[in-house]
1. Gain in length, I336 to E288, computed as 0.36 nm per residue apart minus the alpha-carbon separation, to one decimal in nm?
2. What whole-number value in Å² describes the accessible area per residue of segment 415-572 for a 1.4 Å probe?
3. Rank L489, L505, I431 by how far each Cα sits towards the positive end of the charge dipole of segment 402-506 (+1 on Lys, Arg Cβ; -1 on Asp, Glu Cβ) and give me just the farthest.
4. Measuring with a 1.4 Å probe in the full set of protein chains, what accessible area per residue, in whole Å², belongs to segment 74-148?
5. Give me the distance in nm between label points sitting 7 Å out from Cα along the Cα-to-Cβ direction at E30 and S351, one decimal.
6. Once the piece of chain linking K254 and E42 is laid out straight, how much longer is it, given 0.36 nm per residue of separation minus the C-alpha distance between them?
7. By the scheme Lys and Arg +1, Asp and Glu -1, what is the net charge of all other residues having a beta-carbon under 13 Å from that of E409?
8. Stretched out fully, how many nm does the piece from E106 to N202 gain, at 0.36 nm a residue minus the Cα gap?
Amino acid sequence: MVRKTGILSTTLLLLLLSSLLITVVEAGTERTIKAPAVRETEEGFEGVITEMTVRVEKGEGHVYVEIVPFSAVDTQVSAKLAVEVASRVAGVNPEDYDFFVTIRAESPVIGGPSAGAALTVATISALMNLKIREDVMITGTINPDGTIGPVGGILEKAEAAHRAGAKKFLVPEGQLVILQPFRRERRLGPLIEIVTETRKVNVAEYAKEKWGLEVIEVGDIYQAVEIMTGKKLREREITKEKIEMKKEEREILKQKSMEMISEAKKSVRVAEKMAREIGDETLIQTVEEAKERLDKAEEEYSKGNYYSASSYSFQSKISSGFVRKLAEFWNEDPEIAIDEFLDEVDEELDSKERQIEDYTGFSSASAIEAYIAAEKRIEEAKETLKIARKNYYNEKYKEAIYSGVYALERGETAIWWLELAKRIGGGERHIDFSRLKEIAERRIAEAQTTLTYAQLMTRNGSEVLAMAKDKLESAKKELDRGKPGAALLDAIDARVQAAVVMEILGLEENEVEKRYERAKEEATIAISTARGEGVEPILAVSYYEYAESIKEENPVSSLVLMLTAAEIARTTKHLEETLTEKKTNRIVKEEEKEEEKRAEEEGRPEEIPGYTSMDVVMSAILGISILLLVRSRNRKFPPKISSSPTILCI
């Protein structure tokens, strides 16, 4: 049994993982898998068999897809995501190979994403040189975390699998019982009407009785590969090790957390005094919520969860800072007071941005990770300030104040991370910005694939996917502005956001916990793997801790944070590649330089493509919520407000 603490625990974990995942990829290896699909006929839907072949060659990470006859783009996107998941499962870097995927069907089929699980099994088998059983077939989408998602046409596909000689048919977990439409005739006098009715069908019982076909539920790609190849990829029990902050980083965070709590206490005291002097109940209530966040910070501090304590302190400071500014402007002309306030915030953020851009001298990937966290936060602060200005120009004064306070406090967290970078890894080396840009570009491409796939899965779209799209656009803009670190982290956010939409699609509330435990397992493996390679993923470990702290309060946000922790940990080892002895310059697109110069000369705020105030200061799926600002019916200022607790990371 693996012990839960110390170096021995991590070492045993990595040894067990390596013994389960020994991957030797031979050039030209290919695997073919048959999978049922659905096509539409004049009589209705019919199950057919598709044949998919995956060939792996040495290359540069390209995925080539040939579909005969041509199908929609969703099948091509499924293939790209299948390659990403399969590469992670097999323990290989997809950038070292090219993947050639050929899909053949009798006629155009419906629902390309439902081939995702089969394509992933085929790709894993090609990478790991596994033999696929011909008497087992599978249907299901593939999610970025390796879970298998729901599909339609289960009965039609089961019948097609039976006709093709399958003895076992794997379906997504939760789809053993489905609602199936049936047609029947109904006589209305001399007329006959065709009526479609929906009945609940137990697929396992139906298929066994009618075709002798065994139908089995599978929750993830590991179960599917084991049944279809006989290869057990890993023991899930070995990942129960608890992830904790390393001693050195822990002591640094302890001190910084104590400072944050002290600042939050001071801010709350001032806000409470000002609110009571004015006597406005909504201001007083907001102060009470700031105090609740502060109490939570002290509770987490007592448990030794110093990152969580700092995050709760940050939340408290936003609420109390908002009240302080509202109270300060209570009897003043809002147009003048807020304009001056936003100018002050602008100057403050410019100063902080220069500190971040001018800093150099790194010794580890951990320090670079902390540094890019600072870069991401100053970018978010600046974008929020633009929104504050937009609100101000539209005379939405309370929203302008809130966004201004948020921008100011977010700027403080950027310096928090910069100071952490200095303390955990100051050295003589520099960041190779061209290499960091390459890493960010790769993550942006992955995020685009996941987002496209999620959009295909949720045909009607969703607000969350809209926010993921905005985040991805932000990443692209940041890359153009010479901020590859911020772009990298925003791309990860976009990917996780889109992934969560797929992973909780159709889930009951009590099933989110199961997804969370799976995400926690993935994060544990990713963090332990990074540590085994000599890298401490401090941002990932911080998110892991905070996800554990908020899982009762906000299950979906904790799922997002844990998935983000896993993605960041997988990226941290690549940050080591960006360390260089020679100082390099940031790569900024000429168009961006010209646009910034033009905006400055014209004295107008830059456009914010894809951004809304909801995107920057709120997003429940990213673990963020905002104060709910309610307009006063009688006057524009001072406003009446109500608020709810925020779930924000420092």
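1. In short, 14.4 nm is gained.
2. Using a 1.4 Å probe on heavy atoms only, each residue of segment 415-572 averages 32 Å².
3. After comparing all options, I get I431.
4. So segment 74-148 comes to 27 Å² accessible per residue, rounded to a whole number.
5. Between E30 and S351, the label points sit 6.5 nm apart.
6. Working it through step by step, the gained length comes to 69.5 nm.
7. Result for the neighbourhood of E409: +3.
8. 31.7 nm
The values are calculated or read from the model by the stated rules, or taken from the named source; none is laboratory data. These numbers come from a predicted model, not from an experiment. Ideal geometry is used to build each Cβ from the backbone, glycine not excepted, and the neighbour counts take in all protein chains shown. When the accessible area is computed, the model is the full protein with side chains, heavy atoms only, and any ligands, DNA or RNA have been set aside. Shrake-Rupley method; radii C 1.70, N 1.55, O 1.52, S 1.80 Å.
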